[in-house]
Each structure stands twice: as structure tokens, then as C-alpha cells.
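The next block holds one structure in the form of C-alpha cells; read it before the comments.
The values are calculated or read from the model by the stated rules, or taken from the named source; none is laboratory data. Quantities reported herein were computed from a predicted structural model and do not represent experimental measurements. Here the Cβ is made from the backbone with ideal geometry for all residues, glycine too, and neighbour counts use every protein chain on show. The accessibility values were calculated without ligands, DNA or RNA, using every heavy atom of the protein model including side chains. Shrake-Rupley method; radii C 1.70, N 1.55, O 1.52, S 1.80 Å.
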Amino acid sequence: MTRIDDIATRLDEAAFSARAMAQIDPDGKLPLADAYEIQRRSVARRLARGERPVGIKMGFTSRAKMIQMGVDDVIWGRLTSGMQVDDGGTLDLSRFIHPRVEPELAFVLKRPLSGHVSPAQALAAVEAVAPALEIIDSRYQDFKFSLSDVIADNASSSGFVVGPWADPRTDLANLGMVMSFDGVDQELGSSAALLGHPLRALAAAARVAEEAGEPLPAGAIVMAGAATSAQWLRPGIHVQLEVERLGRVGFHVGA
Ligand code: OOG
Ligand code: MG
């Protein structure tokens, strides 16, 4: 257990100081349950500093992301209040090591959600859906990791931006998604990339929340995962995501 605590502390310190560290399990030998326990303890240190839990994020729910990062399992991480960036706000790059951004959808719940649910049952717990951008920042050198590494590192969670909330009864099956930097398209995708339908990513979130013994409460935000590859952030750019029917979300990167 001390080893798990030690790694949790090192990962939290790497995030807090924005300094990369060596992989903890490059050969992928660590049991995934241990990796999630490291994640839990590392995030607990953030909560002890006053951040609040606000929901969870799903990772590797699209083929594009699995291929980009060389990992082929859905993972999840914990979101805290300290990670939220206002829509239209400015990101302070000095807080990050080597951040990337990716196009997502976010859900906010009106009712608690956990366990094995169908996409329709998951939808019944949703208050609203929004276009969202996730800023990921691996704490590992060169943004390289094994599956257990990235799980322990809270699935690279470091920031997220949620756009205007929309009616969840919108048909989410195949919405065009365009991520641009300074008005120049960077990634084009579809909401269908998310496990075939974004509500499947939400149902997967319900399942992992139950397995973790941390059911999602009303008010929780769930990030459904990136529909395309992630792109490196650069100083001074304006990042925008436009999702068909749902609208736009964006932020500025500080110089
Ligand atoms: C891990 C996080 C994956 C997603 O949306 O697929 C993720 C990473 O790529 O560093 O957030
Ligand atoms: Mg993501």
C-alpha cells in the first residue's frame, strides 16, 4: 500500500508542479485495480486541497483515440472543480506540461446514475448535453504511457470546457463535430465515433461508476470521450469546437 500511496503522491506532485515524470509501469504489469486505486488516492490529494468532485470523464471511447495513443480499452478518470475552464475563458499554459485538446460532448445528470443501464435508461437521467473540449496533459515524459500508467494518471485529465447546455432529446446519433484553431479546421468528426452513439459512452460511465462504488449523483458532469485525435495546444491560439445542432464552445490559450 505504501507503494501505491507513493506513486499517487508523485503523480499529484507532477500535475501540481507541471513537471513530467518517468512512467510508473512501462511494461503494463500493474493490475488495473491498483492503477485505479492510485488514481483515487492522487485525486483525493486534490480534494484535500479544496477542489470538489464534479463528475467523470470517459477515455478511449473512439477508435481514433485508441489508435493515436496505442491503447485499446475504455478507461475513465475523475473530474474536479479545479479542472473546469469557463467557456470563452483563457487557459494559463504554465499550469500544464504538454497539453493537448480534443473534441467531446458533456452530459449533466438530473438524477443519480449507476449500474448496467441501456442508452435509453441513461438518457432518462440526463438534464442536458453540451459541446465540450477536453484538455489532456499526461504527467509522463513524452506523453507516453501503458494502460495502467494512464489510468493511474487520472486518464490524463487536466482541464475541460463545457459549452451551452442543450435539450438532451436532441438526436445525438451522428452530429458533425469540427474543432478549429484560429478559425482553421484541425479535426473533423462525428458523435457516432463515441462507441457508436454518445449515450453508450454515458451508459459505460454508469457501469464504471458502480464498479468503483461511486455512483454518479444528480448534477454530475460526464465527458463522453474524444471523437477524434487530440491536437497539441500552442500559445496564443483560440480553440473552438462546433457541434451540429448543439452549438459552440471555445477558449483562448494564454501567450
Ligand atoms: C488519455 C485520455 C483519453 C479520451 O477522450 O479518449 C481521453 C490520453 O489520451 O492521454 O480523454
Ligand atoms: Mg478526453
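A few comments on the model shown:
- Qualifying positions in segment 196-217 - surrounded by fewer than 20 Cβ atoms within 10 Å (Cβ to Cβ) and within 19 Å of the chain's Cα centre (by Cα): G196, H197, R200, R207, V208, E210, E211, A212, E214, P215, P217
- The residue pairs whose first member lies in segment 1-28 and is assigned to a loop (DSSP other than H, G, I, E, B), whose second member is hydroxyl-bearing (S, T, Y) and open to solvent by 70 Å² or more (accessible area, probe 1.4 Å), and whose beta carbons are closer than 7 Å, counting only pairs six or more residues apart or on different chains, are A18/S94.
- If you check V161, V101, V108, V117 for being in a strand (DSSP E or B), modelled with pLDDT of 95 or more and over 30 Å from M21 (Cα atoms), only one passes: V108.
- Filter pass, M21 being among the hydrophobic types (A, V, I, L, M, F, W, C), open to solvent by less than 40 Å² (accessible area, probe 1.4 Å), within 16 Å of ligand 2 (Cβ to nearest atom) and over 15 Å from M223 (Cβ atoms): no
- If you go through segment 70-111 and keep only what is within 12 Å of ligand 1 (Cβ to nearest atom), out of contact with any helix residue (DSSP H, G or I) (no Cβ under 8 Å at 6 or more places or on another chain) and open to solvent by 20 Å² or more (accessible area, probe 1.4 Å), you end up with just G70.
- Residues in segment 241-250 that are on the phi < 0 side of the Ramachandran plot and either surrounded by fewer than 23 Cβ atoms within 10 Å (Cβ to Cβ) or not in a strand (DSSP E or B) (or both): 5 in all.
- Put simply, of L133, L147 the only residue that is crowded, with 16+ Cβ neighbours inside 10 Å, more than 23 Å from Y36 (Cα to Cα), of a type outside the set (G, A, S) and in contact (Cβ under 8 Å) with a residue 40 or more places away in the chain is L133.
- Taken together, I135, I151 contain a single residue that is part of a helix (DSSP H, G or I), within 14 Å of ligand 2 (Cβ to nearest atom) and either touching a Ser or Thr at 6+ places or on another chain (Cβ under 7 Å) or hydrophobic (A, V, I, L, M, F, W, C) (or both), which is I151.
- Taken over segment 160-191, the criterion of being aliphatic (A, V, I, L, M) and open to solvent by less than 60 Å² (accessible area, probe 1.4 Å) is satisfied by V161, V162, A166, L172, A173, L175, M177, V178, M179.
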